[in-house]
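Down below is the structure, laid out as structure tokens.
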Amino acid sequence: AQRSGNPELQKRVAAPETLRALLGGYQLLDLIKEYPAAWEAAPLVQALRPLAPRMYSIASSQAAVGSEVHLTLAHVRYEHGGEQRWGCASRFLSGLEEGGRLPIFIEENPRFRLPADPARDVIMIGPGTGVAPFRAFVQERSAAGAGGRNWLFFGNPHFDSDFLYQTEWQRALKDGELHRLDLA
């Protein structure tokens, strides 16, 4: 706003509610196009904050898949102002070739885990791609022969395109690894 000198943009960033609306509906590219300013590459990069790491839940149990790590992600693609846009991480990850490598880190969450007692029942609520860790939980409990029941709530808006792991869930129900499945 300062660099462009645009009074409309300066007004929009001055109040928290209009700034929030602006940031909710625009990406940086959109702002630069709509409110042009004289930028050199180096000052523009210095003005940006680093891209935050993307966190994904592991969607597989080591007991079931060995040294592989499965992820579940939605490849973000949409059109804005007549132009194609993509999510940074989802586009990069979906473009990896089989056998491709990339640096990763594991951020443990000791509070999000299976119960220590394998006879305990587990209720899992997985909206959208949030179902990923529960796929791993069902695999882990199956591999361990856990006696507790597994109940999964899963919801994504489109049955034909969004019912992630549909055949796996159906097989798990048939095999008694999943005891109940409720779908949105």
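Within the stretch 33-61, can you find the residues that are acidic (Asp, Glu) and in contact with a His (Cβ under 7 Å, 6 or more places away or on another chain)? Listed by number, the list is empty, since nothing qualifies.
Quick one: in the stretch 1-27, of everything that is of a type in the set (S, T, N, Q) and more than 30 Å from Phe105 (Cβ to Cβ), which residue is surrounded by the most Cβ atoms within 10 Å (Cβ to Cβ)? Among them, the one singled out is Ser4. Condition check for Asp30 on (1) touching a Phe, Trp or Tyr at 6+ places or on another chain (Cβ under 9 Å); (2) touching a residue at least 24 places away in the same chain (Cβ under 8 Å); (3) surrounded by 13 or more Cβ atoms within 10 Å (Cβ to Cβ); (4) not aromatic (Phe, Trp, Tyr): one failure, at (1).
With respect to the conditions (1) farther than 15 Å from Ser61 by Cα; (2) surrounded by 14 or more Cβ atoms within 10 Å (Cβ to Cβ), Ala136 falls short on a single one, namely (1).
Let me confirm something: among Glu108, Glu79, Glu97, Glu40, which residue is open to solvent by 60 Å² or more (accessible area, probe 1.4 Å), within 30 Å of Ser4 (Cβ to Cβ) and either modelled with pLDDT of 90 or more or basic (Lys, Arg) (or both)? Please lay out each step first, then the result.
Numbers: Glu108 fails: within 30 Å of Ser4 (Cβ to Cβ); Glu79 fails: either modelled with pLDDT of 90 or more or basic (Lys, Arg) (or both); Glu97 fails: within 30 Å of Ser4 (Cβ to Cβ).
Exactly one residue qualifies, and that residue is Glu40.
Restricting the first member to the stretch 102-125 and to residues that are acidic (Asp, Glu), and the second to residues that are modelled with pLDDT under 90 and in a loop (DSSP other than H, G, I, E, B), the beta-carbon pairs closer than 7 Å and six or more apart or on different chains are Glu107/Met55. If you go through the stretch 150-161 one residue at a time, do you hit one that is over 24 Å from Arg54 (Cβ atoms), within 22 Å of the chain's Cα centre (by Cα), modelled with pLDDT under 90 and open to solvent by 70 Å² or more (accessible area, probe 1.4 Å)? Yes, the conditions are met somewhere in the stretch 150-161.
Name the residue that is farthest from Tyr26 (Cα to Cα), counting only residues in the stretch 82-94 that are touching a residue at least 12 places away in the same chain (Cβ under 8 Å) and open to solvent by 70 Å² or more (accessible area, probe 1.4 Å). Steps first, please.
To start, the set of residues in the stretch 82-94 that are touching a residue at least 12 places away in the same chain (Cβ under 8 Å) comprises 85, 87-91, 93-94.
This time we only want the ones that are open to solvent by 70 Å² or more (accessible area, probe 1.4 Å), so: 88, 91.
On the way: Cys88: 15, Arg91: 19 Å.
This residue is Arg91.
Of the residues that make up the stretch 64-73, is at least one in contact (Cβ under 8 Å) with a residue 24 or more places away in the chain, touching a His at 6+ places or on another chain (Cβ under 6 Å) and under 23 Å from Gly126 (Cβ atoms)? So far as the stretch 64-73 goes, no, none of its residues is in contact (Cβ under 8 Å) with a residue 24 or more places away in the chain, touching a His at 6+ places or on another chain (Cβ under 6 Å) and under 23 Å from Gly126 (Cβ atoms).
The values are calculated or read from the model by the stated rules, or taken from the named source; none is laboratory data. Keep in mind that what you see is a predicted model, and the values were worked out from it rather than measured. So basically every Cβ, Gly included, is an ideal-geometry build from the backbone, and we count neighbours across all protein chains shown. Just the protein is used for accessible areas: all its heavy atoms, side chains included, with ligands, DNA and RNA removed. Shrake-Rupley method; radii C 1.70, N 1.55, O 1.52, S 1.80 Å.
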